[in-house]
Amino acid sequence: MTSVAIAQLDQNVRTWLQESRDQILAAMASKVNVDTKTNRNDLVTNVDKANQLFLIGKIHQAYPQAHIEGEEGTSAKAADLTGLVFFVDPIDGTMNFVRQRANFAVMIGVYENGQPLYGAIMDVMANAVVTGGPDWPLQLNHKALIAPGDPELAAGLLGVNGPMALKNKLHLGDIALASSGARMSGSAGMEFNAIARGQLVGYVSYLQPWDIAAGLAIGRSFGLIVTRPDGEPIKLLEPGIVVAAMPRAQEQILLMMNELD
């Protein structure tokens, strides 16, 4: 039994995301300051940082007991998953944000004692918010979404990490060829959004905790399977390769990853 009222949580998060979107769009009208983190393709902007501070402030105001695991900086880090934990990705797909001004998301995943409660992913430019959780129905902009089907891998499009697929790491290139087509958006949020809307059958990439938390929680509302390549469950505070797919495709992906030579 959760201590959090999910309906109120949903209302809070959707309100925060709309306010967040307004601030991001306003910031895009001015000069965006871009810095690198670990390498030239790992970017952070003043907009990422400002949006994370904004969301942290809203979370702490509404849920003062909550811990936060955020992407930017070292101050918002959860030591463990005890209690209420919010995972915040203030701009998922920063490279897309900088280079394309499109195809990026804001994500919030909410967990209690390590169990998912609720996830929300906003496609900022489309003003589309997908939400869901184990005890919250799959919705798009607060309207019910039809749950995606469970096709074979060959009958669905597969979201993939570009470098992994091109280098055929864990046979991902072969797996992509076995699907009906590979898609590379450059944003985990956009990929999980597409799975929830039935546009992809799955997604494989190397992900950080804030990349996966919202999508994993939303996936609990429609039967998405999320594991490591060996089939082991995800440890949310640890980065690593993630295989997220509908059940039949998931089984086929894991089989190919572990049996091809």
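Values for this structure:
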{"quantity": "Hits in region 137-177 (condition: of a type outside the set (A, V, I, L, M) and more than 18 Å from MET256 (Cβ to Cβ))", "calculated": "PRO137, GLN139, ASN141, HIS142, LYS143, PRO148, GLY149, GLY162, PRO163"}
{"quantity": "Near pairs, Cβ below 6 angstrom, 6+ apart or cross-chain, from region 233-261 (in contact (Cβ under 8 Å) with a residue 12 or more places away in the chain) to any residue that is open to solvent by 30 Å² or more (accessible area, probe 1.4 Å) and part of a helix (DSSP H, G or I)", "calculated": "MET256/HIS171; MET257/LEU170; MET257/HIS171; LEU260/HIS171"}
{"quantity": "Residues located in region 155-177, provided they are open to solvent by 10 Å² or more (accessible area, probe 1.4 Å) and either charged (D, E, K, R) or in contact (Cβ under 8 Å) with a residue 40 or more places away in the chain (or both)", "calculated": "ALA155, LEU157, ASN161, MET164, LYS167, LYS169, LEU170, HIS171, ASP174"}
{"quantity": "Residue count for region 214-241, restricted to those that are open to solvent by 40 Å² or more (accessible area, probe 1.4 Å) and more than 18 Å from the chain's Cα centre (by Cα)", "calculated": "2"}
{"quantity": "Leading residue by the ranking (surrounded by the fewest Cβ atoms within 10 Å (Cβ to Cβ)) among those in region 178-211 that are among the aliphatic types (A, V, I, L, M) and touching a residue at least 40 places away in the same chain (Cβ under 8 Å)", "calculated": "ALA178"}
{"quantity": "Spans of helices (runs of 4 or more DSSP H) in region 140-213 with at least 1 residues over 13 Å from the mean Cα position of the chain (by Cα)", "calculated": "162-166, 172-178"}
{"quantity": "Test: ILE59 is within 17 Å of ALA5 (Cβ to Cβ), of a type in the set (A, V, I, L, M) and open to solvent by less than 60 Å² (accessible area, probe 1.4 Å)", "calculated": "yes"}
{"quantity": "Search result, residues across region 242-256 that are surrounded by 21 or more Cβ atoms within 10 Å (Cβ to Cβ) and either of a type in the set (A, V, I, L, M, F, W, C) or at positive phi (or both)", "calculated": "VAL242, VAL243, ALA244, ALA245, MET246, ALA249, ILE253"}
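The values are calculated or read from the model by the stated rules, or taken from the named source; none is laboratory data. It should be emphasised that the depicted structure is a prediction, and the values quoted were computed from it without experimental measurement. Neighbour counts run over all protein chains shown; Cβ positions are idealised from the backbone, glycine included. Remember, those area values only see protein heavy atoms, side chains included, never the ligands or the DNA or RNA. Shrake-Rupley method; radii C 1.70, N 1.55, O 1.52, S 1.80 Å.
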